[in-house]
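The structure under discussion appears below in the form of structure tokens.
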Amino acid sequence: MAYNRLPSSGHNSPSPPQSPLRSPTRLRHGGRSKAARFTPGQPPRTLAQRLAGALLAALLRRQGIFLFAPLLYISGMLFYMGTVSFDVVPVIKHRRAPGSVYRSPQIYAKLRPEMDSGNSSTDAMLTIWKHPKGGEWRPCINKSSGGLPESNGYIYVEANGGLNQQRTSICNAVAVAGYLNATLVIPNFHYHSIWRDPSKFKDIYDEDYFVSTLKNDVRIVDQIPEYIMERFDHNMSNVYNFRIKAWSPIQYYKDTVLPKLLEEKIIRISPFANRLSFDAPPTVQRLRCLANYEALRFSDPVLTMGETLVSRMKERSANNSGKYVSVHLRFEEDMVAFSCCIFDGGDKEKNDMDAARERGWKGKFTKRGRVIRPGAIRLNGKCPLTPLEVGLMLRGMGFDKSTSIYLASGKIYDAERNMDPLLEMFPLLQTKDMLASPEELAPFKNYSSRMAAIDYTVCLHSEVFVTTQGGNFPHFLLGHRRHLYGGHSQTIRPDKRKLALLFDNPNIGWKSFRRHMLNMRAHSDSKGIELKRPNDSIYSFPCPDCMCHVNESEDSRSSSAT
């Protein structure tokens, strides 16, 4: 009969017979086997050894005791060593990954003495680029000269976001309207809860110049005719609105939007930013280029203020032949809060950031199940660079105290504390508020987009532009500077993942740090001239859609002609 190994309904199943007891022959003859007898030359066993042997023999009779063997072993070791008290629980410290903590102030304190010792061997302003301005590319955007056929209807778009996101909307709207042979109504700007700028198109851009530059390519009007608005009770919300998917191909507009346009004679697209794919046919790209690089010019007040600051920066950079470096610094309160990074501001910083997140993005960061890992964000290069880190990076790249810096930024978070190190490293640093009087800035002060347009102008004409956080502002400047400077961007784009590791290395010395920074600068230079790939932004990579390559034969002919 087989034995059931599992108990069943209250009855005990038969157990297999017990194993026979061990033979006691080994314990005969005075309790010691022949193998265990002392041999000549062996010292007699001590009392402790005999007790241990007896204990082990007893344990071997009960094989189940081996389940507790590891615990007994550890307890015995601790008792024998006598170094750990049994009433204390050891604390296991988790070592954070290199680069996951903000330690830049300590690195600055370590590197500053050697940084200020004047051991820089080269002047970065003289040796910054291998590719000089006026390189191998030149602007070449063809304009139409003939008249336009009868319009298919009116397109009304609502541009959202800040200055340069709206700029994307404007250029894409021009391209769509031209492709569909439609009349474009001057884009309307949404009021954004973050930017809080009620400015209209004509407050930021020269509207008349915009219309006249595009007159042979796209019809543009500032308002919709009365007879059309009467059909909709003069209410734009009654006009059919297309909710278009982001990065839609131009073919979608032809297949889906155009039939409705022909039927209604007016359509609305809201929101419109980033609603057109960058991979488009040449006819669409040409209109984008024309709108961005030629038709969009800042309004006279904005342009005049910007050019005035450019002139003042050049005057203050006389020691460098009028050359200056512009830095786009994103360390405003909303940017620091949105990044979810932790710096060195302690409880005050935490309270400020929690309040800013709730104010700007109510509930977004406290959503149930959301886990925020500041260390991982920093390691991934997503934390905004602090003013101190920007200063360290530029000094490592060879820019010394005599370098003139223009700082393009909003209101820096905790500016009094955070700006001090940058000003120590670059005492010639300037901002809008330092270059212009309060009276001069008064017409722009409460309009974030107009202030950003002034910064854009000063950065556009700098010798070097440094971007620290990404976004639409540096992406547009990257392409605009390429368009202006013969295809070369003259822009420093740091590797923030690598910077996170370097700023967290307590053993790094100035020579090693400087070598890493010079390599990073050289990488930016080598990436200065880049051709647009299919899904790249035409606003960052104008070659070859908006520019033509200059060959040597053309250069020789033009030089001989002069």
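Under 15 Å of direct C-alpha separation, and excluding same-chain neighbours fewer than eight residues apart, Lys496 reaches these aspartates and glutamates: Glu389, Asp504. Straight-line cross-link partners of Lys143 among the aspartates and glutamates, defined as a Cα under 15 Å from its Cα and at least 8 positions apart when in the same chain: Asp217, Glu294, Asp545.
Classified by the C-alpha gyration tensor, region 154-294 has a rounded form. Its axis ratio a/c, with a ≥ b ≥ c, is below 1.5.
For Tyr154, the amide hydrogen comes within under 5 Å of the amide hydrogens of Thr183, Ile266, Ile267, counting only partners 5 or more places away or on other chains and with H modelled in the peptide plane.
Which whole-angstrom value gives the distance between the alpha carbon centres of region 439-481 and region 251-323? For region 439-481 versus region 251-323, the Cα centre distance is 14 Å.
Structure note, pairs Lys200/Lys362; Lys215/Lys382; Lys445/Lys532; Lys200/Lys323: Cα-Cα distances above 32 angstrom occur for Lys215/Lys382; Lys445/Lys532; Lys200/Lys323.
Based on protein heavy atoms only, region 154-294 ends up with 42 Å² per residue of surface accessible to a 1.4 Å probe. Evaluating 6.51 cos²θ - 1.76 cosθ + 1.60 at θ = phi - 60° for every residue in region 307-318, the Karplus couplings come out as 5, 5, 5, 4, 4, 5, 5, 5, 4, 6, 10, 4 Hz, glycine and proline recorded as x. Expressed as a whole percent, the accessible area of region 154-294 that falls on carbon and sulfur atoms is 47 (1.4 Å probe). At the residue level, Ser526 shows approximately 70 square angstrom of accessible surface with a 1.4 angstrom probe and all protein chains present.
For Ile244, the residues whose modelled amide H falls within less than 5 Å of its own, excluding neighbours fewer than 5 places apart on the same chain, are Ser270. Couplings 3J(HN,Hα) of region 251-266, computed from phi: 5, 4, 5, 6, 7, 10, 7, 4, x, 5, 4, 5, 6, 8, 6, 7 Hz, in residue order, whole Hz [Karplus 6.51 cos²θ - 1.76 cosθ + 1.60, θ = phi - 60°; x for Gly and Pro]. For a straight C-alpha distance cut-off of 21 angstrom, the lysines reachable from Lys260 (same-chain residues fewer than eight places away being disregarded) are Lys245. For region 298-414, with all protein chains in place and a probe radius of 1.4 Å, 50% of the accessible heavy-atom surface sits on carbon or sulfur. In whole percent, what relative contact order does region 228-332 give with Cα contacts below 8 Å and a gap of six or more residues? RCO, region 228-332: 21 percent. Rounded to the nearest Hz, the phi-derived 3J(HN,Hα) couplings of region 416-421 under the Karplus curve 6.51 cos²θ - 1.76 cosθ + 1.60 (θ = phi - 60°) are 4, 7, 6, 7, 3, x, where x marks glycine and proline. For region 429-453, the residues whose amide N sits under 19 Å from a probe point set 7 Å from the Cα of Ser311 along the beta carbon direction are 431-444. Ile492's amide H: which non-local residues (gap 5+, or another chain) put their own amide H closer than 5 Å, with H modeled 1.01 Å from N in plane and none for Pro or chain starts? Correct list: Phe465, Val466, Thr467.
The values are calculated or read from the model by the stated rules, or taken from the named source; none is laboratory data. Since the structure is predicted, the reported quantities are computational estimates derived from the model, not experimental observations. Quick reminder, even Gly has a Cβ in these numbers, built from the backbone with ideal geometry, and neighbours come from all protein chains shown. We work out accessible area using only protein heavy atoms, side chains counted, and drop any ligands, DNA or RNA first. Shrake-Rupley method; radii C 1.70, N 1.55, O 1.52, S 1.80 Å.
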